Amino acid sequence: MTDILKHLVHYLSSLDWAYIFTFIIIAFGLNQKPVTDWLADVTGIKIKTRYRMLIVGFIYGIIIYFIRDTMLHKVEMLLQSFVFALVFHKLILESVINRLFKPEKTEKDE
C-alpha cells in the first residue's frame, strides 16, 4: 500500500500545477455564455465544449512550452497535466460547483 501511495504522491508532485490551475480558469472563462456566443458569432462555427477545451488546452500547452523554453523530455509532464486538468475540472470541480450553486426549483419547474 505504501508503494502505491509513493507512486501517487510522485505523480501528483510531478504535475505542472501552475498550468493546471490557469487552464481551469481559462476554461471556466471560455465556457461562459457571452463568450461562447461571441466566439460563435466571430467564427461562424459553434463548437462543442469538449472540443473547444481540447483546442484551447493544446494551444495553451504549446504557448507554455515555448514561453518556459521547456526541454523536450518535459512535454510528457505537460501532457499529463493537461489530461489531469480536463478530468479534474470536469469530474470534480463541476460537480462541486453544481451542488453548491444549484439553482432553486420554482413551482413552474416542477
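Any residue in the stretch 28-49 that is among the basic types (Lys, Arg), under 14 Å from residue 89 (Cα atoms) and open to solvent by 80 Å² or more (accessible area, probe 1.4 Å)?
Residues of the stretch 28-49 among the basic types (Lys, Arg): 33, 46, 48.
Remaining after also requiring under 14 Å from residue 89 (Cα atoms): none.
The answer is no; no qualifying residue exists.
For the subset of the stretch 64-82 comprising residues that are of a type in the set (A, V, I, L, M) and open to solvent by 80 Å² or more (accessible area, probe 1.4 Å), which member is farthest from residue 13 (Cα to Cα)?
67
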Original post:
When residue 25 is evaluated against the numbered criteria (1) open to solvent by less than 90 Å² (accessible area, probe 1.4 Å); (2) β-branched (Val, Ile, Thr); (3) at pLDDT 85 or above, which criterion, by number, is the only one it fails?
Top reply: (1)
Original post:
If you check residue 87 against the conditions, is it in a helix (DSSP H, G or I), of a type outside the set (Gly, Ala, Ser) and within 15 Å of the chain's Cα centre (by Cα)?
Top reply: yes
Original post:
Name the pairs: first residue in the stretch 38-49 and among the hydrophobic types (A, V, I, L, M, F, W, C), second residue part of a loop (DSSP other than H, G, I, E, B) and loosely packed, with under 10 Cβ neighbours inside 10 Å, Cβ to Cβ under 9 Å, at least 6 apart or on different chains?
Top reply: 39/45
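The values are calculated or read from the model by the stated rules, or taken from the named source; none is laboratory data. Since the model is a prediction, treat every value here as computed from it, not as a measurement. Using ideal geometry, Cβ is built from the backbone for each residue, glycine included, and neighbour counts are taken over all protein chains shown. To get the accessible areas, we keep the full protein, side chains included, count just its heavy atoms, and leave off ligands, DNA and RNA. Shrake-Rupley method; radii C 1.70, N 1.55, O 1.52, S 1.80 Å.
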